[in-house]
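Visitor: Quick one: this structure, given as structure tokens, is what I'll be asking you about.
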Amino acid sequence: MQDVMRVLIVDDEPPARRRLRRLVDAADGLDLVGEAGDGEEAVRAIDELAPDLVFLDVQMPGLDGFDVLAALESPLPAIVFVTAFDEYALRAFDVDAVDYLLKPFDDERFEEALARASSMVQRRHLDEHHVALNAILREHTRSRPLERLPVKRDDTIHFVEVADIEHVDAAGNSSVLHLGADRQLTVRRSMKRLEDELPSHFVRVHRSHIVNTRRIVRLHSLFHGEFAVELKGGGQIRASRTHVEKLRTALGLDESSG
């Protein structure tokens, strides 16, 4: 059984970090391994430090707490949300996330959240927690699609602007992002996950391809109702017959358009 939990604090407000630091330092069985003041720093810290528990602020400039969750790769740490906004707290609670701290919170409320998170981590019962986090992410991406995508390459995490992605190719359990001019990055995300996360103008046109319709310059009719899709960066991919209707709808084409 694990005796000490490794803890990371993520909050863009220094006073809030100091308060959490004091509470973590005063608690038994916790090892504060780091702090982060924004979302990008949090993603890097979680990747490098592998904490067991993260106190994660929801509202931050740039990448917010939900964006941080979307950037994480398995295995995920336990998450306790920290927020000043009831709507986020209630959302987390309703899907049975580990817990949340609604600012301003007192020491007793912190201890309650810590006890619940500690019990789950020590018993290795994180599967239901991960299911809950995925439910939160699905709701979040429906209300605000991904704008920046974190991509780990060697020991560096790159943050790719979604608008720069021309198309995506399947690569087993990963995906290859094509950014034009022969620039490619591989991300450890399945095509299904990206299809859920990317904005609506990204359309699945083949079981192995997702295309950014805003980067399409020409469509060439092929046999059997298929299309060759030509992109601004010079790439060309095939839209299969089973996915052509979705492409037509996204581009506002009717049957008379070819």
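Bear in mind these aren't lab numbers, they're just calculated from the coordinates by the rules spelled out. This is a predicted model, so every value here is computed, not measured. Virtual Cβ from ideal backbone geometry, glycine too; neighbours counted across all protein chains shown.
Visitor: Among the lysines, which fall within straight-line cross-link reach of K232, defined as a Cα-Cα distance under 30 Å, with same-chain neighbours fewer than 8 residues apart omitted?
Guide: Straight-distance partners of K232: K152, K192, K246.
Visitor: Averaged over every viewing direction, what's the projected area of the C-alpha convex hull for the range 148-257? Give it in nm², one decimal, please.
Guide: For the range 148-257, the mean projected area of the Cα convex hull comes to 6.8 nm².
Visitor: Now a separate question. HN-Hα J couplings of the range 40-57 from phi, Karplus 6.51/-1.76/1.60, θ = phi - 60°, integer Hz, Gly and Pro as x?
Guide: Per-residue couplings from phi come out as 5, 5, 5, 4, 5, 5, 5, 5, 7, 9, 6, x, 7, 9, 10, 8, 10, 5 Hz.
Visitor: Among residues other than A26 whose Cβ falls under 14 Å from its Cβ, what is the net charge (Lys/Arg +1, Asp/Glu -1)?
Guide: Spelling it out: positives minus negatives among the neighbours equals -3.
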